[in-house]
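Please read the structure below before turning to the comments.
Just so it is clear, none of the values below were taken in a lab; they were calculated from the coordinates. Small disclaimer: the values here were computed from a predicted structure and weren't measured. FYI the Cβ positions are ideal-geometry reconstructions off the backbone, even for glycines, and counts take in every protein chain you see.
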Amino acid sequence: MQRRHAMPFGAELDPEGGVDFRLWAPDHDGITLELEVGPGAPASLPLERRVGGWHALRVPAAAAGTRYRFRLPDGLAVPDPASRRQPEGVHGPSEVIDPAAFVWDDHAWHGRPWAETVLYELHIGAFTPEGTFAAAAERLPELARLGVTAVELMPVAAFPGERNWGYDGVALFAPTAAYGTPAKLKAFVAAAHRAGLMVFLDVVYNHFGPEGNYLHAYARDFFTAAHATPWGDAIQFGGAVRDFYAHNALYWLEEYNIDGLRFDAVHAIHDTAQPDILHEIAARVRAALPHERQVHLVLENDANQARYLERDPAGRPRAYVAQWNDDVHHALHCLLTDEETGYYADYQPAARDHLGRCLTEGFAYQGERSAFRDGEPRGERSAHLPLTAFVGFLQNHDQIGNRAHGERLTRLAGARAVQAAQALLLLAPAPPLLFMGEEYGSRQPFLFFCDFGPDLAASVTAGRRREFARFAEFADPQAAARIPDPQAAETFDRSRLDWDARTAHEHAAWLEEVRRILALRQTVIVPRLPALAGGRRRWTRLGERALYADWTAGGGALLSLFANFGAEAIAGLAPPRAPLLWESAPGAAAALGTGRLAHEAVIWFWDPGEGKEA
């Protein structure tokens, strides 16, 4: 089987031979195409100026493997913004790729239902010692045995240098050469499908990275100064720009057979059109893909805009299936660490209440004012949505790597408390996400790293340290100087996942516990998830750091939770009558049978109700 997404721009192979080249460059009347068709000087061919700012030319002599650039009237040679491959990096020539050259062997794969989703977020470069698509593919069977059902890749679009988180991508259609060729990424996806795993890809539509983006030189209307973002001028989603991003989403889903996309920081996207770009992308995706394919679109949205998660009368997502739920992370983090700086201030001292609301209503902030955001209201009402619309997590790349020293939660809280919180999220109705290494309680850091050119290197290092200067613990210049340099190769090396650590006794036991919990999720929770996620849910306080919650699945079936993140046990509780599903600490359920909820304990019960099996 062959897969190809036809694009109205970039370099497209003509079925009758040759290549059609198209560039949107409305700022210039004349653009030259430079082809590397053989040894010596490149061939230079003027593109034909067409309506709407387009420049195009069909070149019979070009073929797959041909490298090319576009030369502007001022002499600047630029890569293709829709290039499928940048073999020499983001400043080098683009390469014509034949999508049909890769033969897929996963033709029977149509995806998996969203209800089965257990996400495993990973960074291709740091996931294995080799840091490639091919090396990551070799580890997929182990992830399948763990019990995750989907791998979520941090962005792979070509970025400057050899190492980067991926959010500085500038060639959004080209997998970065640091990880391998387009064919190697396709092989990774096919291997995941053979292992029964979905593949999600993180895409960044709110900005380009600070190095290697040449759009300002020939398409200034790609951006607008009307809106400021943390990365400069906002993207202006009109006409050709709108098509650029809609095709990018379809490209990954069709040409790479990706199962889902996670849209990064959409709160930083500014578009007043109706429908806006997010709704339009969702509509175009659903219209273009076959009905039998199960493709899932997920948001990261600090604004907590429930409107994107609405369901139709049949319970199907109208646009996006889910959103990463920062609220549940922040509430749990506060309960485990007592931190109150930055956005954690919004969750103290009532972290338990925020957690209870997340477990039963989705968002903690549904229009309430945020002190961290200078008193501005945040969020929209979400209690009417199914809990499957909220991805829960205890750690992810942001929540670890945006710390000055990249500490995982296992460095900030005791193992017993972390495992209790993990058990809470892995069995809750909301689909859970694990960050690479979390499954065995990794204690190594995941740091912020990049590899910009000399013009940016020093300012990035200094900027990283200035970012933390407002925190008391880094006010001392010596403390600030100890913040790892994101440009240093050592910073990246320290972030590479240590696969040998999982065999150590304490890590091996942790890994086995997660495997057992995920097996319970698939056998007990997932079959009842539609009823649990959309049925009656309630919670109540048991103590300053403890709560009870339950979810009704109909027919008398009840999933219930006791959680205590305090340092002291809570006495005087009514013993539960349902069968035990999971206890995070040995003896915790027995103690609860006497009315005592142990400290740092999470206990799940499952009552299948009348006529149902446990």
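On the basis of the beta-carbon distance and an R0 of 22 Å, Thr594 and Glu568 show a calculated FRET efficiency of 0.85.
Once the piece of chain linking Glu130 and Gln348 is laid out straight, how much longer is it, given 0.36 nm per residue of separation minus the C-alpha distance between them?
Length gained between Glu130 and Gln348: 74.3 nm.
Derived scalar couplings between HN and Hα for region 165-176 equal 4, x, 7, 10, x, 10, 10, 6, 9, 10, x, 4 Hz in order, rounded to whole Hz, by the Karplus curve 6.51 cos²θ - 1.76 cosθ + 1.60 (θ = phi - 60°), x for Gly and Pro. Can you work out the FRET efficiency for the pair Ala371 and Asp74, with r the C-beta to C-beta distance and R0 = 56 Å, to the nearest 0.05? The computed FRET efficiency comes out at 0.70. Evaluating 6.51 cos²θ - 1.76 cosθ + 1.60 at θ = phi - 60° for every residue in region 280-285, the Karplus couplings come out as 5, 4, 4, 5, 5, 5 Hz, glycine and proline recorded as x.
Which residues in region 122-157 place their backbone N less than 19 Å from a point set 7 Å from the Cα of Met1 along the Cα-to-Cβ direction? Of the residues in region 122-157, 150-151 have backbone N under 19 Å from the label point off Met1. Take every Cα pair under 8 Å whose residues are at least 6 apart in sequence, average their separation, divide by the length of the chain, and the relative contact order is 10 percent. Between region 520-599 and region 67-128, the alpha-carbon centres lie 45 Å apart. In terms of its C-alpha gyration tensor, region 535-607 has a prolate overall shape, because the principal axis ratio a/c (a ≥ b ≥ c, square roots of the eigenvalues) is not below 1.5 and a/b outweighs b/c.
Take His91 and Arg316, extend 7 Å from each Cα along the Cα→Cβ direction, and tell me the distance between the two endpoints in nm. Placing both labels 7 Å along Cα→Cβ, they lie 4.9 nm apart.
Going 7 Å from the Cα of Ala217 in the Cα-to-Cβ direction, what parts of region 45-75 have a backbone nitrogen less than 20 Å from that spot? Only 45-49, 53-57, 67-75 pass the distance filter. Among DSSP bridges having both ends in the chain, what percentage is antiparallel? Round to the nearest 5. For the chain, the DSSP antiparallel bridge percentage is about 70.
For the pair region 406-431 / region 186-218, the C-alpha centres are spaced 28 Å from each other.
Counting only Cβ charges, +1 for Lys and Arg and -1 for Asp and Glu, the dipole size of the chain around its Cα centre is about 1320 debye. Full extension of the chain between His384 and Asp455 gives 20.5 nm of extra length, using 0.36 nm per residue less the Cα-Cα distance. Taking other residues whose beta carbon is less than 10 angstrom from the beta carbon of Phe452, and scoring Lys, Arg as +1 and Asp, Glu as -1, yields -4. Please give the net charge around Ala135, taking every other residue with its beta carbon less than 14 angstrom from that of Ala135, where Lys and Arg add +1 and Asp and Glu add -1. Result for the neighbourhood of Ala135: 0. Computed from the Kirkwood radius of its Cα pairs, the Stokes-Einstein diffusion coefficient for region 38-88 at 20 °C and 1.002 mPa s stands at 168 µm²/s. Here Ala469 and Glu339 are evaluated by their C-beta separation; at R0 = 25 Å the FRET efficiency comes out at 0.85.
3J(HN,Hα) along region 82-90, derived from phi through the Karplus expression 6.51 cos²θ - 1.76 cosθ + 1.60 where θ = phi - 60°, amounts to 10, 4, 7, 7, 10, x, 10, x, 6 Hz, with x in place of Gly and Pro. About its Cα centre, the dipole of region 34-134 is roughly 480 debye, where the only charges are +1 on Lys and Arg Cβ and -1 on Asp and Glu Cβ. Taking a sphere under 11 Å around the Cβ of His91 and counting the other residues whose Cβ falls inside, with K and R at +1 and D and E at -1, yields a net charge of -1.
At the listed q of 0.07, 0.09, 0.10 Å⁻¹, the Debye profile of the chain, built from one uniform point per Cα, gives log10 I(q)/I(0) equal to -0.45, -0.74, -0.91.
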